[in-house]
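In what follows, a single structure is set out as structure tokens and then discussed.
The numbers here are math on the coordinates, done by the rules we state, and not lab data. From a predicted model like this one, the values you see are computed outputs, not experimental measurements. Every residue, glycine among them, receives a Cβ derived from its backbone with ideal geometry; neighbour counts consider all protein chains shown.
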Amino acid sequence: MKVMLTADVKGQGKKDQVVEVSDGYARNFLFPKKLAVPADAKALNEAKNKEASKQYKVEVEKQNASDIAKKLESIKLTFVYAAGPDKRLYGSVTAKDISDKLKNEHSIDIDKRKISLPVPIKSFGTFRADAKLYTGIDGKISIEVVGKDA
């Protein structure tokens with residue numbers, strides 16, 4: 001009997017896979033535990049639609065990530081901080097600061113955990129940060145730290 005698995009089944013296959021099993025195994029084990037459904041046209045069509053929607057969602061996410069990466073290339077974030085006599089910042093520019101500024105000023109929402117700084121920003125100057133937007137798609141963020149005039 002051909003069945004379509006609704007969950008991963010050890011020794012049989014993975015979710016949404018069509019496998020051939022004995023009639024008794026299907027009726028007595030897989031169907032009662034809702035691990036599989038008969039592989040009729042409706043179930044196969046449902047699985048195909050689910051896979052197509054999953055593929056579409058992945059494509060949309062990839063496109064959004066590449067659009068954001070292009071936007072980030074043209075953005076330069078400027079942070080104004082007070083500094084001590086040795087030209088070192090009081091505090092530092094963190095990934096959270098970068099994420100908040102992108103969200104507030106440019107309406108780009110990137111999680112702070114996806115922003116990586118090669119070195120902690122504790123001095124004035126221009127720096128680059130990477131934002132991991134999607135698998136294989138990284139955005140480069142240009143950051144400038146300037147001193148606050150007294």
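Per-residue Karplus couplings for the range 100-110, computed as 6.51 cos²θ - 1.76 cosθ + 1.60 with θ equal to phi - 60°, are listed in order as 4, 5, 4, 5, 6, 8, 10, 6, 10, 9, 10 Hz, Gly and Pro entered as x.
Based on DSSP H segments of at least four residues, each scored -39500 (n - 2.57), the chain has a per-residue ellipticity at 222 nm of -11000 deg cm²/dmol. Please report the relative contact order for the range 2-62, taking Cα pairs under 8 Å with a sequence separation of at least 6, and give it as a percent rounded to a whole number. About 32 percent, as a whole number.
Extension gain, residue 53 to residue 75: 0.36 nm times the residue separation minus the Cα-Cα distance gives 4.6 nm. Local charge for residue 1 was computed over the other residues whose Cβ lies under 14 Å away, with Lys and Arg +1 and Asp and Glu -1, and equals -1. Applying a threshold of 30 Å to the alpha-carbon distances of 33/54; 71/122; 15/103; 87/140; 34/112 flags 15/103; 34/112 as lying beyond it.
Diffusion coefficient (Stokes-Einstein, Kirkwood radius over C-alpha pairs, 10 °C, 1.306 mPa s) for the range 75-147: 126 µm²/s, rounded to a whole number. Rounded to two decimals, the Cα radius of gyration of the chain over 2.2 N^0.38 Å is 1.75. Between the residues 119, 78, 5, the greatest Cα displacement towards the positive end of the dipole of the chain, with unit charges on the Cβ of Lys, Arg, Asp and Glu, is found for 5. For the range 2-62, what is the Kirkwood estimate of the hydrodynamic radius, computed as the reciprocal of the mean inverse distance between distinct Cα atoms, to one decimal in Å? Mean inverse Cα-Cα distance, inverted, gives 12.3 Å. Positive-end ranking of 90, 52, 106 along the dipole of the chain, with charges on Cβ about the Cα centre, is headed by 90. Got the relative contact order for the chain handy, in percent, Cα pairs under 8 Å and 6 or more residues apart? Reported as a whole number, the value is 20 percent.
For residue 95, neighbours were defined as the other residues whose beta-carbon sits under 15 Å from its Cβ, and their charges (Lys and Arg +1, Asp and Glu -1) total +4.
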